[in-house]
């Protein structure tokens, strides 16, 4: 054995699997196995409520994958990993608003460590990725296929970057399923998307809210109408809707 191979073997012998990773990985694979069957039963034009169980299952799998991956820090600050971001961070500073405020005030104990030039203001991944629309069933199935390929190629000793990629793909699939589970605009109304359909409305005016508003506008002024319900103490401020008939 050469002298170059000895450090490698020493590094391997000192590696330890993070606690709980084998159990979480087995749990994740079980969730993804059932998820593939649920997505395979969907079809084009499926009702939005059929996507709700898929979105719930994807979110549960995403939480397990996020637990396997290293925790993401929005600010890059070890003290305030999920704190507020500084929108005006100077070049060479971090993104943590709390630490940068302390540095501006010159407080004792403020972090003095500086980042490389441009590191504080350069592009940075904040949180988990969100795919752009349009959201389709074909796109959801593509995400699920990619997730299964990633998950079943992972092992307990896989690098952290592979677990991060799996969590990112699961978050994309979850967002897609969640958007597909939202009520669709069956009435065709831009003001009230997802509103119930009025079966008595003419074609093109199926929104029950807009149809009711139009009917109220066409009523005669002398048609009795129900007064709006008001709180106690405000009844005296109501104006009379009808004039009293002339009396003797």
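The values are calculated or read from the model by the stated rules, or taken from the named source; none is laboratory data. Source: prediction; values computed, not measured. Cβ sites come from the backbone with ideal geometry, for glycine too, and all protein chains shown count toward neighbours.
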Filter region 132-155 down to residues that are outside any helix (DSSP H, G or I), within 23 Å of residue 72 (Cβ to Cβ) and either at pLDDT 90 or above or over 15 Å from the mean Cα position of the chain (by Cα) (or both), then give me how many there are. 3
Hey, residue 27 hits all of (1) assigned by TED's automatic domain parsing to the domain that holds residue 139; (2) outside any helix (DSSP H, G or I) but one; which does it fall short on? (2)
Does region 193-204 include one or more residues that are at negative phi and in a helix (DSSP H, G or I)? no
Residue 128 versus (1) within 21 Å of residue 66 (Cβ to Cβ); (2) free of Cβ contacts under 8 Å to residues at least 40 places away in the same chain: which is the lone unmet condition? (2)
One residue is enough: does region 203-218 have a residue meeting the conditions within 42 Å of the chain's Cα centre (by Cα) and at pLDDT below 75? yes
Of all residues being modelled with pLDDT of 80 or more and touching a strand residue (DSSP E or B) at 6+ places or on another chain (Cβ under 7 Å) in region 80-111, which is surrounded by the most Cβ atoms within 10 Å (Cβ to Cβ)? Just the residue, please. 86
Mind checking whether some residue in region 176-191 is modelled with pLDDT of 90 or more, under 30 Å from residue 95 (Cβ atoms), surrounded by 14 or more Cβ atoms within 10 Å (Cβ to Cβ) and touching a helix residue (DSSP H, G or I) at 6+ places or on another chain (Cβ under 6 Å)? yes
Among the candidates 53, 101, 73, single out the residue that is part of a helix (DSSP H, G or I) and under 30 Å from residue 180 (Cα atoms). 53
